[in-house]
Amino acid sequence: MTRAALAATMIVGFCASASANDALRTLAQDAKQWVMPTGDYAATRYSTLDKINKDNVKSMVPAWTFSTGVLRGHEGNPLVVGDTMYVHTPFPNIVYALDLKEDGAIKWRYEPKQDPSVIPVMCCDTVNRGVAYAPGADGKPGTIILHQADTTLVALNADTGEQLWSVKNGDPSKGETGTDAPMVFKDKVLVGISGGEFGVRGSVTAYNLSDGKKAWRAYSTGPDAEMLMDPEKTMSLGKPVGKDSSLKTWEGDQWQIGGGTTWGWFSYDPELNLIYYGSGNPSTWNPSQRPGDNKWSMTIFARDADTGVAKWVYQMTPHDEWDFDGVNEMILADIDVNGTPTKALVHFDRNGFAYTMNRETGELLVAKKYDPAVNWATEVVMDKNSDQYGRPQVVAQYSTEQNGEDVNSTGICPAALGTKDQQPASYSPDTKLFYVPTNHVCMDYEPFRVAYTAGQPYVGATLSMYPAPNSHGGMGNFIAWDAGKGEIVWSLPEQFSVWSGALATKGGIVFYGTLEGYLKAVDAKTGDELYKFKTPSGIIGNVMTYEHEGKQYVGILSGVGGWAGIGLAAGLTDPNAGLGAVGGYAALSKYTALGGQLTVFTVPDQTASK
């Protein structure tokens with residue numbers, strides 16, 4: 001191939017990817033639609049729609065409903081593209097295309113045939129966090145991307161539901177499963193892997209949208225080449241990570257079953273061309289069996305979107321001793337940090353600390369507790385000259401490592417499910433505040449020695465959970481957070497953990513759901529409750545909004561389950577089952593029952609907010 005021909009081919013390829021990227025970005029800026037699982041690439045979960053607002057939300061009523069026909073936990077949220085809503089379910093991962101012109105009449109449905117043997121290797125319920133959408137080009141229809149429980153990644157014709165291609169992303173016989181929502185970027189789709197409780201080695205993989213072929217894969221642990229890390233150019237807190245940065249922090253070859261799975265959310269900054277996500281807990285939960293920092297589990301990654309090479313990394317919980325996965329969303333927002341305008345990344349980690357970072361350089365700017373009950377560490381050291389810079393300072397009393405195997409460490413806050421799990425927060429550019437669903441839960445944790453067998457649980461700890469003591473008695477709070485200062489602005493107590501993703505709107509409202517099944521709307525500035533409605537089942541889904549034929553609507557999936565609701569979802573009664581959640585949330589059965597349903601709300605008489 002001549003240089004001229006090669007150059008022309010590269011230009012055409014670049015233009016094609018840029019075009020696909022621009023088309024999705026443009027759609028995401030149209031508030032009438034909801035075309036990404038996270039709402040936008042920045043994962044703000046904010047909408048500029050304001051026809052439902054703090055003045056009229058008290059008049060909101062259900063407009064129509066849809067039963068998914070599936071029990072178990074319904075995480076994630078629908079997408080809306082044009083006149084069509086795309087709804088997903090837990091296993092067996094049905095996808096419905098609903099006609100918004102006919103109150104949700106079914107256009108098509110896709111139900112994959114999966115081996116039910118995948119169900120026992122799904123750690124914390126058979127959840128799925130949503131489908132992705134890619135716009136069509138040259139008159140061709142768009143594409144719906146589904147990551148199935150058995151790790152099959154499927155591309156569907158958005159108009160007909162016809163399968164276009166499929167590829168296997170993992171191996172369920174080893175405990176690898178698919179629960180995360182894919183992210184479409186440029187001419188690729190990004191997907192992670194679940195299974196940290198089965199000794200799965202975490203990775204993220206980019207596939208070509210056109211044919212499903214693998215473009216690149218980056219592991220969380222192991223050799224530099226397999227992690228797509230440059231020892232000299234990949235930075236951590238301003239310094240190169242150095243050669244074998246992961247291998248040096250594991251004993252022997254344990255990194256091969258080291259966890260660091262990637263079942264959370266993805267963000268993307270098109271200007272910086274960087275993808276952001278977090279990795280989960282190291283395997284096993286018994287810290288005595290894996291000496292060292294166990295890099296790069298529990299880590300925020302910033303990767304080049306084209307090559308997958310890591311630009312920077314930051315490990316939040318070195319040598320995790322409590323199962324504080326780092327997979328929660330990375331919200332990209334331009335905010336003032338200590339009076340300085342900053343291209344920030346804001347992350348509310350399971351470990352109870354909220355991190356504000358420079359998303360271009362990886363500089364750590366703020367690290368503060370976002371629940372006062374957090375006690376396993378006193379602080380994250382912010383002195384750049386200290387050898388502890390960026391590290392949490394562990395309290396010996398709550399160190400399961402220091403207390404040792406077969407010792408029950410009590411009163412650790414937060415519990416393993418974290419001060420916040422994957423349920424995403426939202427950010428409002430109007431108030432400059434972040435709205436965060438939280439768990440107000442503590443635990444007792446007893447590690448024990450466990451052997452690895454492929455496809456079998458590799459946990460190595462017994463847990464019990466309970467509400468944070470000396471507090472309001474409930475297991476959750478919904479808070480407003482100032483990420484520039486690292487301060488709670490207001491906090492609303494809840495009886496159970498808030499396991500629903502939040503939505504902020506230009507109408508001055510923030511929506512969220514509760515495990516009892518309430519959809520709530522609160523004033524974005526004050527937190528005052530403006531509205532609530534009890535849906536048929538507990539809410540662990542994420543609130544979304546769209547506009548159709550001149551009216552704004554709010555949609556939410558009900559269907560109790562997930563880690564917090566695993567007792568109900570799976571019919572478990574042993575208090576220690578569900579990795580300790582069954583006992584902690586036993587009272588939930590008094591307030592709700594299983595059932596998968598979409599409820600769409602509206603206000604009959606709408607006027608834009610003043």
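Can you tell me the relative contact order of the range 284-356? Whole percent, Cα pairs under 8 Å, sequence separation 6 or more.
It rounds to 23 percent for the range 284-356.
Taking θ = phi - 60°, what integer Hz values does the Karplus form 6.51 cos²θ - 1.76 cosθ + 1.60 yield along the range 217-230, in sequence order, with x for Gly and Pro?
Residue by residue, the range 217-230 yields 9, 10, 8, 7, 10, x, x, 3, 4, 7, 8, 6, 10, 9 Hz.
Relative to a virtual label point 7 Å from the Cα of residue 171 in the Cα→beta-carbon direction, which members of the range 205-238 show backbone nitrogen distances below 14 Å?
Hits in the range 205-238 for residue 171 at 14 Å: none.
Under a point-charge model restricted to the Cβ atoms of Lys and Arg (+1) and Asp and Glu (-1), what is the dipole moment magnitude of the chain relative to its Cα centre, in debye to the nearest 20?
Computed about the Cα centre, the dipole is about 680 debye.
Shape call for the range 147-203 from the C-alpha gyration tensor, a ≥ b ≥ c root eigenvalues: rounded (a/c under 1.5), prolate (a/b greater than b/c) or oblate?
It comes out prolate by the Cα gyration axes.
Applying the Karplus parametrisation 6.51 cos²θ - 1.76 cosθ + 1.60 with θ = phi - 60° to the phi angles of the range 71-87, what ³J(HN,Hα) value in whole Hz is obtained for each residue in order, glycine and proline being reported as x?
8, 6, x, 9, 8, x, 8, x, 10, 10, 10, x, 9, 10, 10, 10, 10
Stretched out fully, how many nm does the piece from residue 393 to residue 587 gain, at 0.36 nm a residue minus the Cα gap?
Using 0.36 nm per residue and subtracting the Cα-Cα distance, I get 66.4 nm.
State whether the range 496-577 is rounded, prolate or oblate according to the following rule on the C-alpha gyration tensor (a ≥ b ≥ c being the square roots of its eigenvalues): a/c under 1.5 gives rounded; otherwise a/b larger than b/c gives prolate, and the remaining case gives oblate.
It comes out prolate by the Cα gyration axes.
Quick one: what are the phi-derived ³J(HN,Hα) couplings along the range 278-289, Karplus 6.51/-1.76/1.60 with θ = phi - 60°, whole Hz, x for glycine and proline?
x, 9, x, 5, x, 9, 8, 6, 8, x, 5, 8
Could you work out what % of the accessible surface of the chain is carbon and sulfur, using a 1.4 angstrom probe and leaving DNA, RNA and ligands out of the count?
In the chain, the share of accessible area belonging to carbon and sulfur is 50 percent.
With the cut-off at 1.5 for a/c, could you classify the chain from its C-alpha gyration tensor as rounded, prolate or oblate?
rounded
Considering Cα pairs under 8 angstrom that are at least six residues apart, work out the relative contact order of the chain and quote it in whole percent.
Taking the mean separation of contacting Cα pairs over the length of the chain, I get 15 percent.
Could you tally the net charge around residue 531, taking each other residue with its Cβ under 11 Å from the Cβ of residue 531, Lys/Arg +1 and Asp/Glu -1?
Residues close to residue 531 contribute a combined charge of +1.
Kindly provide the trypsin sites (Lys or Arg not before Pro) of the range 400-475 that DSSP labels as loop, not H, G, I, E or B, and whose Cβ sees at most 12 other Cβ atoms within 10 Å.
Filter output for the range 400-475: 449.
Out of all DSSP beta bridges in the chain, what portion is antiparallel? Express it as a percent rounded to 5.
Given both bridge residues lie in the chain, the antiparallel proportion sits at roughly 95 percent.
Given Cα pairs under 8 Å that are at least 6 residues apart, what percent is the relative contact order of the range 383-475?
Dividing the mean separation by the residue count of the range 383-475 yields 24 percent.
Using label points projected 7 Å from each Cα along Cα→Cβ, tell me how many nm separate residue 381 and residue 273, to one decimal.
If labels sit at residue 381 and residue 273, their model points lie 3.7 nm apart.
Where a Cα-Cα gap under 18 Å defines reach, which lysines qualify for residue 295, not counting those fewer than 8 residues away within the same chain?
Those lysines meeting the cut-off are 233, 239, 243, 248, 311.
Mean residue ellipticity at 222 nm from the helices of the chain, using -39,500 (n - 2.57) per DSSP H segment of n ≥ 4 over the full residue count, to the nearest 500 deg cm²/dmol?
-2000 deg cm²/dmol
Would you tally the net charge around residue 465, using a Cβ to Cβ cut-off of less than 14 Å, leaving residue 465 out, and scoring K and R as +1, D and E as -1?
So the environment of residue 465 carries a net charge of -4.
Please name whichever of 195, 133, 149 sits farthest to the positive end of the charge dipole of the range 132-202, dipole taken about the Cα centre and charges placed at Cβ: Lys and Arg +1, Asp and Glu -1.
Looking along the dipole axis, the top candidate is 195.
The values are calculated or read from the model by the stated rules, or taken from the named source; none is laboratory data. In this text the structure is predicted, and so the values were computed from the model without any measurement. No Cβ is skipped: glycine too gets one built from the backbone with ideal geometry, and neighbour counts run over all protein chains shown. Surface areas here come from the heavy atoms of the whole protein model, side chains and all, with no ligands, DNA or RNA. Shrake-Rupley method; radii C 1.70, N 1.55, O 1.52, S 1.80 Å.
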